[in-house]
């Protein structure tokens, strides 16, 4: 028996990227003719069959939804999955989850694996690397072949499909405005070093709130960091210099770390330092003091994403059309501020 | 085109349980003849094809591992998944995750879905309901058909297969012993109301530690609860009565709630109340005070489970045998106490 060869094996064997193999097999003109022909010949020799989703869709409905998310040890994505499961199960659908680990290659491979007849449609949040590369050919392809895709949270404007997002800019704006309303004037933004779309939007919202209120914009107060240790050092320094009276953090680890630093220095939260985090996480509910948060509404986002996908699947079934384009929707889920002890 | 009917639809149509349908299709004598024949006739009419895993295994290797876990908003399971992904990816395997939501039916349905040619083997942690019912036929069947299964954490002695566990009894014993060593004499066990095997083992360890140290065993100090609100009320009452000087909690939410109650009453943790939690979670690292924990070694557990499954898959491949029985292993991962502020 000749073992079925995978995209990954072809890439390894020919020493090219997974993206190159994937594009060559679709005969994409982005790839030079030499490489394209080499990949195609190799794939043919090993009986590699690229997905023919359109065909597999005609033959059966799996009643299964495939999810691809960047990571799992992340409360937000867990709550989105719970939201998807809920609506899926109510409608008789099963759910399969795979992780991209924020890797482009893993995202492509998982999509390839699931599209191979296991599922009826995708719900996906892009990996950081995919957003950085701006390479979405794997997603366009499944859509072109008639398999519906719903994107959530980390989406791309370059892909035409249904999307569920929150208004990250507005949410950040409102959070910073609430700090200003409480008399704070030196507000630090603690964010991550990355290329994810939502990070930029939150920075924009932060900046706009300052400017609209006639507060000085100080680039030194936009802190882009990777880990909590750096957070501890920088916030400690800023507190020492009395350079800040509030922190708006894009996740709860940065928020709780800022609070710890302030406490260690004998400062009082919220009196000396007010703190807000962007999160649905549980640390905020249980820390001392509890932390005011901008809710990301993960569960609601999952509910809506599942409903949009199922609507599209059932619509196709009714009309018999596999490409009911043109009417893609982007739903914006409302966020809200949950006031807790760290600001009051 | 006649739509492929699912186990769930047959169960609904005939108004019987999914378990009954599943067993009837295997011609299990546990099910009365009338029902069995009715289910079989119905399935035949709708062209329902039960899995023939043995056949599908002969035809292809998917290089994919299927995981079934009880829930996802749970740090422990997330870390196990990370551990599985790591070893799987290193060995060229992909991973698919499904959730049972602690429901027996969902566990059976997900197993059925994945066993249908999508994966080479399972890594599973049993749902509460499955452990309560003691019905493991769905797992025995896939094993009987030659598909390897590795169980972790919530396992059953009734199933012969590879297993990865921690010694919950010993871990609980050591945690309670450490509290006794620090002079605590009135130690409450805060645990959940459920039928999961690990819960009983932890209670056994708690009890043994008390008895071995000649401390009185007081049933009122074993607190079986569902939620943090109840935790707050009961711990509050016990503290008021000066009935406890330490809490050993089976999860970090109960631990952090106990600390909050003590703080509200003006008591000091650890002076007036020492607290240990059974968890790999992050709340413990970031709460004030930080919480001493028994590490569940989730990532290590995932690493080992994946390695055991892959070893078995590759062994089968080498020998050509699909049932290399007799030498099933149960690996016991070591736990350790991570000392933090709540006990020192």
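Which whole-percent values make up P(r) of the range B:168-296 when all C-alpha to C-alpha distances are grouped in 10 Å steps starting at zero?
Each 10 Å bin holds this share of Cα pairs: 13, 50, 34, 3.
Return an integer: the convex hull volume of the alpha-carbon atoms of the range B:7-50, in Å³ per residue.
57 Å³
I need the calculated FRET efficiency for the pair residue A:219 and residue A:144, taking r as the beta carbon distance and R₀ as 60 Å, to the nearest 0.05.
The computed FRET efficiency comes out at 0.90.
By what distance, in whole Å, do the Cα atoms of the protein assembly as shown stretch along each of the three principal axes, largest value first?
69, 68, 47
Averaging the inverse of every distinct alpha carbon separation and then flipping it gives the Kirkwood radius. What is it for chain B, in angstrom units? List each step's numbers first, then the result.
Details: mean 1/r = 0.0456 Å⁻¹.
Over chain B, the inverse of the mean reciprocal pair distance is 21.9 Å.
Any idea what % of Cα-Cα pairs in the range B:80-186 are farther than 23 Å?
The proportion of pairs with Cα distances above 23 Å equals 38 percent.
Taking residue A:73 in one copy and the same position in all the others, each labelled 7 Å out along Cα→Cβ, what are the pairwise distances from the first, in nm, shortest first?
In ascending order, 2.0 nm.
With each pseudo-label sitting 7 Å past Cα toward Cβ, what's the residue B:240-residue A:132 distance in nm, one decimal?
Each label point lies 7 Å from its Cα, and together they span 5.6 nm.
Please work out how much length the chain gains when fully extended from residue B:158 to residue B:73, using 0.36 nm per residue of separation minus the C-alpha to C-alpha distance, in nm with one decimal.
Roughly 27.8 nm would be gained on extension.
What is the angle, in °, between the Cα long axis of helix A:75-90 and the longest principal axis of the Cα atoms in chain A? Nearest 10 is fine, range 0 to 90.
Value to nearest ten degrees: 50.
So how tilted is helix A:197-212 from the main axis of chain A? Cα-based, degrees 0 to 90, rounded to 10.
30 degrees
Sort shortest first the distances from residue A:268 to its counterpart in every other copy, using label points 7 Å along the Cα-to-beta-carbon line, and give them in nm.
2.1
Once the Cα atoms of helix B:104-115 and of chain B are each reduced to a long axis, what angle between those two axes, in degrees from 0 to 90 to the nearest 10, is obtained?
50 degrees
Sum -39500 (n - 2.57) across every DSSP H segment of at least 4 residues in chain B, then divide by the residue count to get the 222 nm mean residue ellipticity, nearest 500.
Theoretical 222 nm ellipticity from helices: -14000 deg cm²/dmol.
Between the range B:169-204 and the range B:76-111, what is the separation of their alpha carbon centroids in Å?
28 Å
So if we plug the beta-carbon distance of residue A:45 and residue A:329 into 1/(1 + (r/R0)^6) with R0 = 60 Å, what FRET efficiency do we get, rounded to 0.05?
Plugging the Cβ-Cβ distance into 1/(1 + (r/R0)^6) gives 0.85.
Using a 10 angstrom cutoff on alpha carbons, build the Gaussian network for chain A and name the most mobile of A:68, A:333, A:233.
Checking each option, the largest mean-square fluctuation is seen for A:233.
Can you give the FRET efficiency for residue B:28 and residue A:263, using 1/(1 + (r/R0)^6), R0 = 60 Å, r = Cβ-Cβ distance, to the nearest 0.05?
E between residue B:28 and residue A:263, to the nearest 0.05, is 0.45.
Using the 7 Å Cα-to-Cβ label point, sort the distances from residue B:315 to its equivalents in the other copies shortest first and give them in nm to one decimal.
Output for residue B:315: 5.2 nm, nearest copy listed first.
Here, each number is a calculation from the coordinates, and none is a lab measurement. Note that the structure is a prediction, hence the values are computed from the model and not measured. Virtual Cβ from ideal backbone geometry, glycine too; neighbours counted across all protein chains shown.
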